[in-house]
Amino acid sequence: MSNLRDSLAIQFYAETGSEPVEWAITDSVVGYEEAVAFMEARAEAIAAGQACEMVWLLEHPPLYTAGTSSDAADLVDPDRFPVHQTGRGGQYTYHGPGQRVAYVMLDLKRRAPDLRRYVAALEAWIIATLDGFNVRGERREDRVGVWVRRPDKGEHTEDKIAAIGIRVRRWVTFHGISLNVEPDLSHFSGIVPCGVTEHGVTSLVDLGIPVTLPDVDAVMRTAFEGIFGPTMRVEAPLLPRHAA
C-alpha cells in the first residue's frame, strides 16, 4: 500500500555542529505524571538553549492516556486502570510493563520545522527497529502508527504494534512513541486503542520473536541514529520520587 508519508525525506538530522542527542534509559517503571513533568521542563530548557536534545526510554505502570482527540466512548472500562488526560495528539492508548516507551525531545528548529516530516521520521524509526527483528512494519495513510499484517488471522487482518503521540511547544517535541515488546495485550481491551475498532494489537513476543527490552533498546538506538543522527548515553533522569 502506498502512503504519502513514504515520500517524505526520512533523514531528520540536526544542523551541523549540534550536540549528540542524549540517550537515557530508566530500568524501573516511571509514574506518568512524573514523566510528563520531566518532559515539559526538559523541553523548555531545550527551547531556551540550556539543555541538549534527549530520548528517554522507560516503562510505565498499567494506565490509559487520553489524547486531545479522544472520545469518551472509547474508554470501555474506565475503572480498570488510572486514566490520564494528556496534551499529546491522538486518542486513547495503553501503557504498561513490557511496552517500550520512548519520549523524544528534539528541537525541530535545528532539524526541520515540519511536523509531517517529523511523524514520518518517527514511523521510519519504528519500522527500521522492527526490521532488525525481521518483522515488516508498515504505515497506513488513514491512521498514524505502525502496523503488521497478520495472514495467520485472516487475509486482510493487521494489528498495531506501535503508537505515536506527540506534542510540540516552541518547536521542541515531547511525548513520542510506544512499541509493544511483551505487554499484557489483554490490557488494551479496556479502551478502543487510538479509536480504531476494526484492527487489533500485537507485540514482538506475540509475533513469536523472543526478545527482551534491552535487546530492543540496542536496535532502537542504532535505528534512531540512522535517521536522527548521533546519540550519547547519559544517566537516567533523577525524578523527585527517586530522590533520597
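Data table
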item	result
Whichever residue in segment 176-213 is at pLDDT 95 or above, of a type in the set (A, V, I, L, M) and assigned to a loop (DSSP other than H, G, I, E, B) and, among such residues, is nearest to GLY49 (Cα to Cα)	VAL181
Segment 177-207, residues that are in contact with a Leu (Cβ under 9 Å, 6 or more places away or on another chain) and among the hydroxyl-bearing types (Ser, Thr, Tyr)	THR202, SER203
Meets criteria (in contact (Cβ under 8 Å) with a residue 40 or more places away in the chain and assigned to a strand (DSSP E or B)) for THR173	yes
When residues of segment 103-142 are limited to those that are in contact with a helix residue (DSSP H, G or I) (Cβ under 6 Å, 6 or more places away or on another chain) and assigned to a helix (DSSP H, G or I), the one farthest from MET220 (Cα to Cα)	ALA120
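One line per residue, one yes/no per condition, for (1) in a loop (DSSP other than H, G, I, E, B); (2) surrounded by 21 or more Cβ atoms within 10 Å (Cβ to Cβ):
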{"position": "GLU44", "(1), (2)": "no, no"}
{"position": "CYS52", "(1), (2)": "yes, no"}
{"position": "TRP56", "(1), (2)": "no, yes"}
{"position": "THR65", "(1), (2)": "no, yes"}
{"position": "SER70", "(1), (2)": "yes, yes"}
{"position": "ARG80", "(1), (2)": "yes, no"}
{"position": "THR93", "(1), (2)": "no, yes"}
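The values are calculated or read from the model by the stated rules, or taken from the named source; none is laboratory data. All figures in this text were calculated on a predicted structure; none of them were measured in a lab. Methodologically, a virtual Cβ is constructed for each residue, glycine included, from the backbone with ideal geometry; neighbour enumeration extends over all protein chains shown.
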